[in-house]
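One structure is given below, encoded as structure tokens.
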Amino acid sequence: MQDRDLFRTHHNAEELRRHSEMIGREFLSGFELVEQIDRPAVSCFGSARVPRGSQPYELARATGRLFAEAGWAVVTGGGPGVMEGANCGCREGGGLSVGLNIELPHEQGTNPYVDLSMTFDHFYVRKTMFVKAAEGFCVFPGGFGTADELFESLTLIQTGKVMHFPVVLLGEAYWTPLLEWVRRSALAEDMVSAEDLALLTLTDDPRIAVETVLDAYRAAHGGSPHLPAKADAQ
């Protein structure tokens, strides 16, 4: 049973039970995959539509390479575009490159730079694994899916579901209008607090992105990110 069938129609108890068990098995498989990540990890998000050689692709590639050189794993959605760029950079840096893909009607094959991968049927299972696997998020230019991951991460931090979890926006020109809207509208009308905005780091420099995440890891764990450790946002 596909998600769209479950969302649109009613089902009898047996059908719902079977579907719930299938979701549970997918969660278990995802958790088992995360357990194979033997070092700290960062989850990277961004558009699947940007071409190789574009500025967002190369920005993700440089960032992925720096994380790998620091002894970290890089987790992406496993597809093309920014995801491929980050996985490619991680591979170039000798790191562990992870792809958490999704079955979609119009996208997307797994890119060739992934060492460890899984293809999910359910978005909510996949999104859980992005957080479970990561010590922080790096968010590159992207569309609705990227914005979804960004705001979900901020909500989890704001509500205390994850701790010591840095979120870095890469691409100042791209993300500045969004932050201006937050300040001008949401902050001005007390929908968010100034402390909420402090959850974000905005930069064009991959080195700043990597150091922001590594600094938060050191502060939380008191050790070197070069040492293999269980990758877990908790």
**Asked** Gain in length, L116 to L28, computed as 0.36 nm per residue apart minus the alpha-carbon separation, to one decimal in nm?
**Response** 30.1 nm
**Message:** Run the numbers for L179 and I208: contour at 0.36 nm per residue of separation, minus the present Cα-Cα distance, in nm.
**Reply:** 8.6 nm
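Taking the Cα centre of the stretch 1-136 as origin, work out the dipole magnitude from +1 charges on Lys and Arg Cβ and -1 charges on Asp and Glu Cβ, in debye rounded to 20.
On the way: 14 positive and 18 negative charges, 63 e Å.
Using only the charged Cβ atoms, the result is roughly 300 debye.
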**Asked** Using only Cα atoms, what Kirkwood radius does the chain have, in angstroms?
**Response** 18.1 Å
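Only Lys, Arg, Asp and Glu count, each charged at its Cβ (+1, +1, -1, -1), so figure out the dipole size of the chain about its Cα centre, rounded to 20 debye. The partial results should precede the final answer.
Working: 20 positive and 32 negative charges, 45 e Å.
It works out to roughly 220 debye.
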**Prompt:** Packing-wise, with mean Cβ within 10 Å as the measure, how do 139-152, 4-17, 33-46, 178-191 rank, highest first?
**Reply:** 33-46, 139-152, 178-191, 4-17
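Readers should treat all values here as calculations from the given coordinates under stated rules, not as data from a laboratory. As the structure is a prediction and not an experimental result, all values here were calculated from the model. Every residue, glycine as well, gets a Cβ built from its backbone with ideal geometry; the counts of neighbours run over all protein chains shown.
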